[in-house]
Amino acid sequence: MAYVGNIVAFIKFLIENKTEGYNVYNYIDKPDFTMNELVDHVSKVLKKHIPATHFPLWLGMMGGYCFDVLAFLTRKKLTVSSVRVKKFCATTQFDATKVQESGFKAPYTLGEGLARTLEFEFVHDASEGITFKSE
C-alpha cells in the first residue's frame, strides 16, 4: 500500500537526485499493515465501530465454494467467491529495499496517509472542492 502524497514526493526526489541511467522502483510505504491493524485504523479514523468477527479459513472457503456453485447454477457472476476469500486471506508483501536504499524519506507514514485519504473521501464535505473528470 502506498500514499499518493509519498509517491509524488518520491518522484520529485528522483527527478532532483537521480539524473543518470534507467531506474525501476517498486514504491511501497512500509511497514505493512496486517488486516486486523488496517481495519482497526480505518475504524479509528472514521470513528465507526467495525465488527471484528473472525471466521476460520476453512469456514470462509466453504462459504466461497457455496457461492461458486450458486454462481454456476444461476449463470451469474457473484461478488463473493472462493478466489476472493483466498485473496482476502493471503499475505501480500512487496520488496521496497531499493526505495529505502535511495535515501528517500517519506513525508507521511502509511497510517497518516491512510487517515488523510479516508478523511478526504469520507469525512470532509468535498462538494465545494476540486473534482476530477476523466473524458
Only one of (1) more than 26 Å from Glu112 (Cβ to Cβ); (2) touching a residue at least 12 places away in the same chain (Cβ under 8 Å); (3) surrounded by 15 or more Cβ atoms within 10 Å (Cβ to Cβ) fails for Ala71. Which number is that?
(2)
Which condition from (1) closer than 25 Å to Glu119 by Cα; (2) without any contact (Cβ under 8 Å) to a residue 60 or more places away in the chain; (3) touching an Asp or Glu at 6+ places or on another chain (Cβ under 7 Å) is the one that Val8 breaks?
(3)
Residues being part of a loop (DSSP other than H, G, I, E, B) and either among the polar types (S, T, N, Q) or farther than 17 Å from Tyr108 by Cα (or both) - total across the range 13-50:
14
For the range 74-118 the number of residues that are part of a helix (DSSP H, G or I), in contact (Cβ under 8 Å) with a residue 60 or more places away in the chain and within 15 Å of the chain's Cα centre (by Cα) is 9
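Matching residues to (1) touching a Gly at 6+ places or on another chain (Cβ under 6 Å); (2) within 28 Å of Phe120 (Cα to Cα); (3) basic (Lys, Arg):
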| residue | (1), (2), (3) |
| --- | --- |
| Lys44 | no, yes, yes |
| Lys47 | no, yes, yes |
| Ile50 | no, yes, no |
| Cys66 | no, no, no |
| Thr74 | no, no, no |
| Val80 | no, no, no |
Residue check, Lys44 charged (D, E, K, R), loosely packed, with under 11 Cβ neighbours inside 10 Å and closer than 20 Å to Glu119 by Cα
no
For the range 103-115, give me each residue that is over 25 Å from Leu46 (Cα atoms) and surrounded by fewer than 16 Cβ atoms within 10 Å (Cβ to Cβ).
Gly103, Lys105
Residue count for the range 48-68, restricted to those that are surrounded by fewer than 10 Cβ atoms within 10 Å (Cβ to Cβ) and touching a residue at least 12 places away in the same chain (Cβ under 8 Å):
1
When you look at Lys87, is it loosely packed, with under 10 Cβ neighbours inside 10 Å and among the charged types (D, E, K, R), yes or no?
no
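Computed from the coordinates by the stated procedures, all read-outs in this text should not be read as laboratory data. None of these values were measured; they are calculated from a predicted model. Here Cβ is always computed from backbone atoms with ideal geometry, including for glycine, and neighbour counts include all displayed protein chains.
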